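Here the structure is laid out as structure tokens; the discussion comes afterwards.
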Amino acid sequence: MKPVKVGVLGLGTVGGGTVNVLKRNAAEIARRAGRDIIITRASAKDLDKARICDTTGILVTSNPLDIINDPDIDIVLELIGGAGIVKDYVLQAIANGKHVVTANKSLIALHGNEIFAKASEQGVIVAFEAAVAGGIPIIKAIREGLSGNQIEWLAGIINGTGNFILTEMRDKGRDFADVLAEAQALGYAEADPTFDVEGIDAGHKLTILASIAFGIPLQFEKVYTEGITKITRTDVEYAEELGYRIKHLGIARQTPEGIELRVHPTLIPERRLIANVNGVMNAVLVKGDAVGATLYYGAGAGADPTASAVVADVIDVVRALTSDPENRVPHLAFQADSLADIPVLSADSFKTAYYLRLHAEDKSGVLADVTRILADHDISIEAITQKEPPKGETIVPIIMLTQVTQEHRMNAAIAKIEALATVSGKVNRIRLETLG
Ligand code: NDP
Ligand code: HSE
């Protein structure tokens, strides 16, 4: 059979890794796909830059449109990133009847609804396994492996850079900026690393996961995002004393009122496997009504792990080339005309437990005032500890764990606690999930 011709847009970490894997494993890949897959063209911005891959035999251009408009190219790999001009490239490739494989979560989270509609009109596939959790085949697992289930919730460490930073800070006491610079040098971070540390990248990924889990349109603008920049060493240590780890989680939960979509630092019991996922590794827990809880683990970023997901998509596309477009696996797992209009809840409605740290005067009645405020808001306390005040000081740290409550109750209670004359500064609140 005729070889399938692939054009790669972007020869950076993921593009370079993909060229390497497609070349290195060409024979094995051909045995799986049923025909040869060859990269004939590639693009990069700077043609003089040193590459992690060997581009011998590949015609390299600085203009992605040379590839997108080349009638000989069957599949375009979009490995540039960003949601600006790249959206036009992808739409042009689709209009030209080409299948597209992308690792670009921001593009899919922000413009996926439009892109998939255009792809369906043209009868082409847009595959995006590498967009979520690097090398973990989580899209395929949810979209196909768990398709008999009603997904109840999922929770994941879905940003490798953020988990790498948290792990290095906790285990080696390293400085935030220093670890972030290392993550950038290793090719883990986004072009704009605030996407990693402020939870935006995880929000993009959660948008995609929620869509294929619950059969809802992609709605990034409704995801609540909080990053890792406010996690302090003090909270990490107090959490550990109480038997918890702090991880940056993306959580999507179906409730009778609607869907919670949230990304934030979270206390998790240290006995949970996911609490022990460290470095650049990612993990996603998915709870289905039939299968129960399932856990997926692997490298969340980096050249070869991400290339693994890109190449798997390329092979899937090749296998589907001769199939009837009507009978392919739908882009977002559910048939496009069956996506549900389930409301996405605002943060006020989230239901979760909390870790609270506050600083109060070391005198009688203070604790009673705080606990009374929580009781007045129907919030039950699970555990409470008062720490020794630092030498010569009279302000003591108080740490509390609460039972599950609604976010708006906690907001109101915190406002009242902060208004107490005996409490100084802000109450530090971190959400807590048992993931049971
Ligand atoms: P890099 O910055 O390493 O690579 C981007 C590539 O695109 C480079 O080759 C660059 O050219 C080229 N490029 C940049 N801007 C343009 C442009 N305007 N026109 C044409 N080419 C351009 O990024 P990554 O490989 O890290 O990321 C690529 C995509 O993969 C992103 O969507 C990212 O979110 C996603 N991703 C990344 C992962 C990772 O571990 N890095 C993991 C999973 C997904 P030049 O090299 O000449 O500068
Ligand atoms: N910047 C992303 C991360 C790349 O660190 O997880 C993988 O999507």
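I'd like to check which helices (runs of 4 or more DSSP H) are fully inside region 7-69 and have at least 1 residues that are open to solvent by less than 80 Å² (accessible area, probe 1.4 Å) and among the polar types (S, T, N, Q). Let's see the steps before the verdict.
Numbers: elements: 13-24, 26-33, 64-68.
Once the helices (runs of 4 or more DSSP H) in region 7-69 are filtered for at least 1 residues that are open to solvent by less than 80 Å² (accessible area, probe 1.4 Å) and among the polar types (S, T, N, Q), what remains is 13-24.
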Quiz item: Given the conditions (1) crowded, with 22+ Cβ neighbours inside 10 Å; (2) closer than 30 Å to Asp36 by Cα, and given that Val263 satisfies all but one, which numbered condition is not satisfied?
Solution: (2)
Practice problem: Filter region 266-297 for residues that are open to solvent by less than 10 Å² (accessible area, probe 1.4 Å), small (Gly, Ala, Ser) and under 28 Å from Gly81 (Cα atoms) and give the result. | Solution: Ala283
Practice problem: Assess whether Ala93 counts as being modelled with pLDDT of 95 or more and farther than 28 Å from His204 by Cβ. | Solution: no
Exercise. Only residues in region 80-96 that are closer than 12 Å to Lys118 by Cβ count as the first member; pair them with residues that are more than 16 Å from ligand 2 (Cβ to nearest atom) and not in a helix (DSSP H, G or I), Cβ under 6 angstrom, at least 6 apart or cross-chain, and list the lot.
Key: Val90/Val100; Ala93/Val76; Ala93/Val100; Ile94/Val124
Self-check item: The one condition in (1) part of a helix (DSSP H, G or I); (2) open to solvent by less than 60 Å² (accessible area, probe 1.4 Å) that Trp153 fails to fulfil
Solution: (1)
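Within region 312-327, take every residue that is outside any loop (DSSP other than H, G, I, E, B) and either of a type in the set (S, T, N, Q) or within 16 Å of ligand 2 (Cβ to nearest atom) (or both) and give me the one that is least open to solvent (accessible area, probe 1.4 Å). Don't jump to the end; show me each part of the working.
Residues of region 312-327 outside any loop (DSSP other than H, G, I, E, B): 312-320, 325-327.
Now drop any that are not either of a type in the set (S, T, N, Q) or within 16 Å of ligand 2 (Cβ to nearest atom) (or both), which leaves 312-313, 327.
Values: Ala312: 49, Asp313: 9, Asn327: 121 Å².
This residue is Asp313.
Given Gly34, Gly17, Gly10, which one is in contact (Cβ under 8 Å) with a residue 40 or more places away in the chain and touching a Leu at 6+ places or on another chain (Cβ under 6 Å)?
Only one candidate qualifies: Gly10.
Report yes if Arg174 is open to solvent by 50 Å² or more (accessible area, probe 1.4 Å), in contact with an Asp or Glu (Cβ under 8 Å, 6 or more places away or on another chain), of a type in the set (D, E, K, R) and more than 14 Å from ligand 1 (Cβ to nearest atom), otherwise no. Write out each step before concluding.
On the way: open to solvent by 50 Å² or more (accessible area, probe 1.4 Å): yes; in contact with an Asp or Glu (Cβ under 8 Å, 6 or more places away or on another chain): yes; of a type in the set (D, E, K, R): yes; more than 14 Å from ligand 1 (Cβ to nearest atom): yes.
Taking the combined requirement at face value, the residue satisfies it.
The values are calculated or read from the model by the stated rules, or taken from the named source; none is laboratory data. For clarity, every value in this text was computed on a predicted model and none was experimentally measured. Here the Cβ is made from the backbone with ideal geometry for all residues, glycine too, and neighbour counts use every protein chain on show. Each accessible area value is taken on the protein alone, full model and side chains, heavy atoms only, with ligands, DNA and RNA left out. Shrake-Rupley method; radii C 1.70, N 1.55, O 1.52, S 1.80 Å.
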